[in-house]
Amino acid sequence: MRILLQHMRTKLYVRSLGNWTANPLDAFDFQHSQRAIDFAQEHCLTAVQIAVKFIDAEFDEVFPLPATQPVTASARQSA
């Protein structure tokens, strides 16, 4: 199973910051949904969703990111 970030309109996947790919096998695997959420928040990515990819594509799922406030440096330091 791979945990990816996918742009909702283009359907491209995050490969690295500012680098997108159409191939889910070339995309960055966050390995956990919270890591994907944190990455999206820290880099102010909008219009992205979590894509869960399985070996058997029949079971693939996408989930919208939870609505949260942007993470600020002061909030990260106090956590």
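Close Cβ contacts (under 9 Å, 6 or more residues apart or on different chains) running from residues in the stretch 33-47 that are surrounded by 15 or more Cβ atoms within 10 Å (Cβ to Cβ) to residues that are in a helix (DSSP H, G or I) comprise L45/F39. Criterion applied to L12, L65, L4 was being in contact with a strand residue (DSSP E or B) (Cβ under 8 Å, 6 or more places away or on another chain), surrounded by 14 or more Cβ atoms within 10 Å (Cβ to Cβ) and modelled with pLDDT under 95, and the one residue passing it is L65. For D29, the stated conditions do not hold, so it cannot be described as at pLDDT 95 or above, part of a helix (DSSP H, G or I) and within 11 Å of the chain's Cα centre (by Cα). Among the residues of the stretch 32-53, the one identified as in a loop (DSSP other than H, G, I, E, B) and either among the β-branched types (V, I, T) or in contact with a helix residue (DSSP H, G or I) (Cβ under 7 Å, 6 or more places away or on another chain) (or both) is T46.
Within the stretch 1-50, being polar (S, T, N, Q) and under 15 Å from E61 (Cα atoms) holds for Q6, Q31, S33, Q49.
The values are calculated or read from the model by the stated rules, or taken from the named source; none is laboratory data. Treat the numbers as computed from the prediction; the structure is a model and nothing was measured. FYI the Cβ positions are ideal-geometry reconstructions off the backbone, even for glycines, and counts take in every protein chain you see.
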